[in-house]
Amino acid sequence: MMKAINVESCDINNELIICGICKEVFNPDLTIELDCKHMYCEDCLRNSNFVNMPLTMYDELNCPLCNKSEKYERIKKCNRFAYNIIYDAKVKCPNVNCSQIVKNGELTRHMEKCEYKLMNCPYCDTTNIFRKDLKTHLVDNMSEHFLSLIDEVENLKNKKFF
């Protein structure tokens, strides 16, 4: 998953919205809080040397920042106040050439529709086409794509499935 880039100058070094392990801006829906109130990306904590899966309710880990011993059963999603701060932080879309600035919590929705997401043509070997240019590529190469589809249909007709 692409990480967000924080654009609020007052928050560039703000540890409230930065994971202490990966040093990236939190995704509000994937942020967890330890009992000591330190927060981490869920994946960072699971994939770090501080956690060995599988876990039982009796296992413990040490917080990477304060070294306080934590029981796994006490790990929870971040509190609502922290969630709102992380959600509302302004971030720049990480797609090349996209200058859109959105709320951190809305980045995933933006990325699903971002015109600068790199796509591959489903009908030929062309790769790394901006989403905004894919339709033009399809129209400009319609005859080649159509011939390719006809070849595929012929190949499927000649295959024996049983």
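The values are calculated or read from the model by the stated rules, or taken from the named source; none is laboratory data. Quantities reported herein were computed from a predicted structural model and do not represent experimental measurements. Glycine gets a Cβ as well: all are built from the backbone with ideal geometry, and neighbour counts include every protein chain shown. In case anyone asks, the SASA skips ligands and DNA or RNA and just uses the protein heavy atoms, side chains included. Shrake-Rupley method; radii C 1.70, N 1.55, O 1.52, S 1.80 Å.
For the reader, a short list of remarks on this structure follows.
- The overall shape of region 21-162, judged from the alpha-carbon gyration tensor, is oblate: a/c is not under 1.5, and a/b is no greater than b/c.
- Within region 77-162, the trypsin sites (Lys or Arg not before Pro) that combine a DSSP coil assignment with at most 11 other C-beta atoms in a 10 angstrom radius are LYS159, LYS160.
- Counting only Cα atoms, region 115-162 measures 44, 22, 12 Å along its principal axes, largest extent leading.
- In Hz, Karplus ³J(HN,Hα) per residue of region 110-118 (6.51, -1.76, 1.60; θ = phi - 60°; x = Gly, Pro): 5, 5, 5, 10, 4, 5, 9, 5, 7
- Only lysines eight or more places from LYS77 in sequence, or on another chain, were considered; those with a Cα closer than 27 Å are LYS3, LYS23, LYS37, LYS68, LYS90, LYS92, LYS103.
- Surface listing: PHE26, PHE81, PHE130, PHE146 arranged by accessible area from highest to lowest gives PHE81, PHE146, PHE130, PHE26, probe 1.4 Å.
- Length added when fully stretched, SER69-CYS36, from 0.36 nm per residue minus Cα-Cα: 11.0 nm
- Stretchable slack from ASN128 to GLU112, in nm (0.36 nm times residue separation minus alpha-carbon distance): 4.2 nm
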